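Below is one structure, written out as structure tokens; the observations come after it.
The values are calculated or read from the model by the stated rules, or taken from the named source; none is laboratory data. Note that this is a predicted model, so its numbers are computed, not measured. Neighbour counts run over all protein chains shown; Cβ positions are idealised from the backbone, glycine included.
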Amino acid sequence: MKQRILLLLAILFCSFAAQAQDNIFLKSGEVQEVYIKKISGDMIYYSGKPGGPQRYFKKSAVEKIVYRNGRTVIVDKPLTKAGKRHAERMRDNVLTLAPAHLLYFGAMNGLGIGLDYERFFGERHLLSVHVPVYIGVATDQGTDEYEPFTDVVPFYTSPGIRLHVLKPSRKLDYAIGVSVVVGTVTQTYNRENSYMPAPNVEQRFLLTAVTLDNDFCLFSKRNVGFGLHTAVGPVLGDFGDDGKWMVQIGFKIGRRF
């Protein structure tokens, strides 16, 4: 008789355990009885019944999880001071102004300005893409007989990818990458000779290049950064048919957000 009772209790216990579900407590006050599949990144994946379709909650909407075995996990834990500092440094976006940007195209050189947007990917922030825009504001060329008093105005963008070598939690950031330059170069000749068009005639060329980039940036506690950007690579297409090389050296100031 005792064996039958124990067997019956065991069957009931197993049946209860099979029916037990996990409980998700939402910040709205609602409690959801679910079967949790996995927790990945900012998402909590679950189903309403065993083998049912997978759904998800964002962690930001969940206060805690009580598993069927009684274990409780607080999802929205307050950050410690160290955690807050780390979160500040791990922001995904950087907007940078290059107020002094030196440009060099073969015999041409001068000064430009630029604006750069950078976006990080992954939890470790090792990779990023950036899309800068530059314009030359005081660029000219030599005064030999073949290139007489030529004013040159480049306007270009150079989107690329960067690998961040140092740990992202550090204040100092160093990145190396490759960029593809696409833009235009407008030339204006100030005097005429047998090789050049009439004075003040503009000629526009397509500018294309591939550059190897190096970036150094030191960030303050308020996520304001000061750094140096360098890039060098061959100029391609018609504008680079004489073997021009493009060199950029620029001071930059930016902010993480």
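For this structure, a couple of remarks:
- Hits in segment 101-142 - residues which are part of a loop (DSSP other than H, G, I, E, B) and either over 21 Å from Leu172 (Cβ atoms) or at pLDDT below 85 (or both): Gly106, Ala107, Gly122, Glu123, Arg124, His125, Gln141, Gly142
- Some residue of segment 71-81 being in a strand (DSSP E or B), at pLDDT 90 or above and not polar (S, T, N, Q): no
- All conditions in (1) modelled with pLDDT under 80; (2) charged (D, E, K, R); (3) under 30 Å from Ile36 (Cα atoms) hold for Arg68, with the sole exception of (1).
- All positions within segment 58-70 that are in a loop (DSSP other than H, G, I, E, B) and surrounded by 11 or more Cβ atoms within 10 Å (Cβ to Cβ): Tyr67, Arg68
- Among residues of segment 234-251 that are at pLDDT 85 or above, those with a Cβ under 8 angstrom from a residue that is charged (D, E, K, R) and surrounded by 13 or more Cβ atoms within 10 Å (Cβ to Cβ), sequence gap 6+ or separate chain, pair up as Pro234/Lys244; Val235/Lys244.
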